[in-house]
Amino acid sequence: VYDCEGFRLPTEAEWEYAARAGTRTAFYSGEIHRQPELGTCYQERNLEQIAWYCGNSGGRTQPVGLKHPNDWGLHDVLGNIYEWTNDYPEAAASPGPLVDPAGSIEYMRARVTKGGSVISVTYALRSASYIPISWTDARGTGFRLVRTLPPDEAP
């Protein structure tokens, strides 16, 4: 995947690294608060300023950039729409040391998506969460592209 010329989907690890922007909390705006019941939509104060989710979106996608960006200037990393990664669920769920699994460029039935959407409950928007979505169920899913820089162009 790193030999790809031009733009490509990020790996799951690259996506999470960019979404966290140097933070270690559930959201780049802070920790998740105790949920009264899993799977139920409720207001999360650490999401209100940064993400569109089930608690504030009315179930509709919103224009990008209306919420606060993360510390690296990325808007709508959490919420609004799920974002494709290059990884597949089997690689994302693997136990062991934290390494970048890199995925595969081959066609797979489902890919790991990150970030949650306008209908997602709060725990689905944690930076570490992922949901496998098949290509046939991709409505409401988008992508954020990355590019591997050659060594002579890297900062």
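Could you count how many residues in the range 50-62 are over 16 Å from Ala18 (Cα atoms) and under 17 Å from the mean Cα position of the chain (by Cα)?
Narrowing the range 50-62 to residues over 16 Å from Ala18 (Cα atoms): 52-62.
With under 17 Å from the mean Cα position of the chain (by Cα) added as a condition, the list becomes 52-54, 61-62.
Qualifying residue count, the range 50-62: 5.
Just wondering, is there one or more residues in the range 12-20 that are part of a loop (DSSP other than H, G, I, E, B) and either in contact with a Leu (Cβ under 9 Å, 6 or more places away or on another chain) or of a type in the set (Val, Ile, Thr) (or both)?
Of the range 12-20, the ones part of a loop (DSSP other than H, G, I, E, B) are none.
No - not one qualifying residue is present in the range 12-20.
Taking the residues in the range 41-57 that are touching a His at 6+ places or on another chain (Cβ under 8 Å) and surrounded by fewer than 17 Cβ atoms within 10 Å (Cβ to Cβ) as candidates, determine which candidate is nearest to His75 (Cα to Cα). Before you say what the answer is, go through the steps one by one.
Narrowing the range 41-57 to residues touching a His at 6+ places or on another chain (Cβ under 8 Å): 44-46, 49-50.
Okay, now just the ones that are also surrounded by fewer than 17 Cβ atoms within 10 Å (Cβ to Cβ), so 45, 49.
Working: Arg45: 18, Gln49: 11 Å.
Looking at residues that are touching a His at 6+ places or on another chain (Cβ under 8 Å) and surrounded by fewer than 17 Cβ atoms within 10 Å (Cβ to Cβ), I get Gln49.
No lab work stands behind these numbers, since they all come straight from the coordinates. Since this is a predicted model, take the numbers as computed values, not measurements. A quick note on method: Cβ atoms are made from the backbone with ideal geometry, for glycine too, and the neighbour counts reach across all protein chains shown.
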